[in-house]
Amino acid sequence: MKANDPAHLVLVGLMGAGKTTVGRIVAERLGRPFFDSDMMIEARTGRTVREIFATDGEAAFRALEMQVLEQALASPEPSVIAAAGGIVLRSENRAALQAAAARVVWLSAEPRLLVDRVSGGGHRPLLDDDPEGTLQRLYVERAALYREVADAIVLVDGRSVSDVVDAVLR
């Protein structure tokens, strides 16, 4: 992907796969704005993801997720978007990703390798009870959905951030 490419670049994948870290670096390299859907939700609501889950429930969070995805994809300036891990759960979101002028890259990682990355991350309410089991279940539930929207798949297991960034930009 080149800086003058008119398409947005959207990173999808499980929590802990590196969407935010990789997205920030890719945006910087391309000279593009960077949007992180979780951060956009928190800025819009003035509450953390955890607070939204606790107070309003997962369905309300997923609705906010859809709104910020639509907002980011509607930006006239090509940008880099780190989409929330569950963005693919709603068919409307998958349709929006496929219809948009966007290149979607799935950062794919083995769930057991993500456990260390997400430990201590208090902003991930879905992982409170059994992080490894939950990540494995989410992978099984979402892999086909990530594959459905992805224009490219980048395996992140055992790779440096720099290697993943380079692979995303290819």
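The values are calculated or read from the model by the stated rules, or taken from the named source; none is laboratory data. Being a predicted model, the structure only gives us computed values, none of them experimental. Neighbour counts run over all protein chains shown; Cβ positions are idealised from the backbone, glycine included. Heads up: the accessible areas ignore ligands, DNA and RNA and are worked out on the full protein's heavy atoms, side chains in. Shrake-Rupley method; radii C 1.70, N 1.55, O 1.52, S 1.80 Å.
Looking only at the range 1-10, count how many residues are surrounded by fewer than 16 Cβ atoms within 10 Å (Cβ to Cβ) and not charged (D, E, K, R). Residues that pass the stated criteria total 4. Quick one: would you say Ser91 is free of Cβ contacts under 8 Å to residues at least 40 places away in the same chain and on the phi < 0 side of the Ramachandran plot? Against the criterion (free of Cβ contacts under 8 Å to residues at least 40 places away in the same chain and on the phi < 0 side of the Ramachandran plot), Ser91 qualifies. If I filter the range 87-111 down to residues being modelled with pLDDT under 90 and out of contact with any strand residue (DSSP E or B) (no Cβ under 8 Å at 6 or more places or on another chain), which single residue comes out as surrounded by the fewest Cβ atoms within 10 Å (Cβ to Cβ)? Restricting to residues being modelled with pLDDT under 90 and out of contact with any strand residue (DSSP E or B) (no Cβ under 8 Å at 6 or more places or on another chain), the top hit is Glu110.
Specify which of the listed residues (Gly13, Gly46, Gly31, Gly18) is open to solvent by less than 10 Å² (accessible area, probe 1.4 Å) and modelled with pLDDT of 90 or more. Let's see the steps before the verdict.
On the way: Gly46 fails: open to solvent by less than 10 Å² (accessible area, probe 1.4 Å); Gly31 fails: open to solvent by less than 10 Å² (accessible area, probe 1.4 Å); Gly18 fails: open to solvent by less than 10 Å² (accessible area, probe 1.4 Å).
It is Gly13.
With respect to (1) modelled with pLDDT of 90 or more; (2) closer than 21 Å to Ile41 by Cβ; (3) over 15 Å from the mean Cα position of the chain (by Cα), the lone exception for Gly121 is condition (1). Only residues that are modelled with pLDDT of 85 or more and more than 15 Å from the chain's Cα centre (by Cα) were counted in the range 124-152, giving 5. Across the range 74-84, the number of residues qualifying as in contact (Cβ under 8 Å) with a residue 24 or more places away in the chain, assigned to a loop (DSSP other than H, G, I, E, B) and either out of contact with any strand residue (DSSP E or B) (no Cβ under 8 Å at 6 or more places or on another chain) or within 17 Å of Val26 (Cα to Cα) (or both) comes to 5. The residues listed here are Ala54, Ala59; of these, the one that is open to solvent by 70 Å² or more (accessible area, probe 1.4 Å), more than 14 Å from the chain's Cα centre (by Cα) and free of Cβ contacts under 8 Å to residues at least 60 places away in the same chain is Ala59. Figure legend. Inter-residue proximity from the range 6-33: first residues closer than 17 Å to Asp163 by Cα, second residues open to solvent by 20 Å² or more (accessible area, probe 1.4 Å) and of a type in the set (Val, Ile, Thr), beta-carbon distance below 7 Å, spacing 6+ or different chains. Indicated pairs: Gly18/Val161; Thr21/Val161; Val22/Val161; Ile25/Val161.
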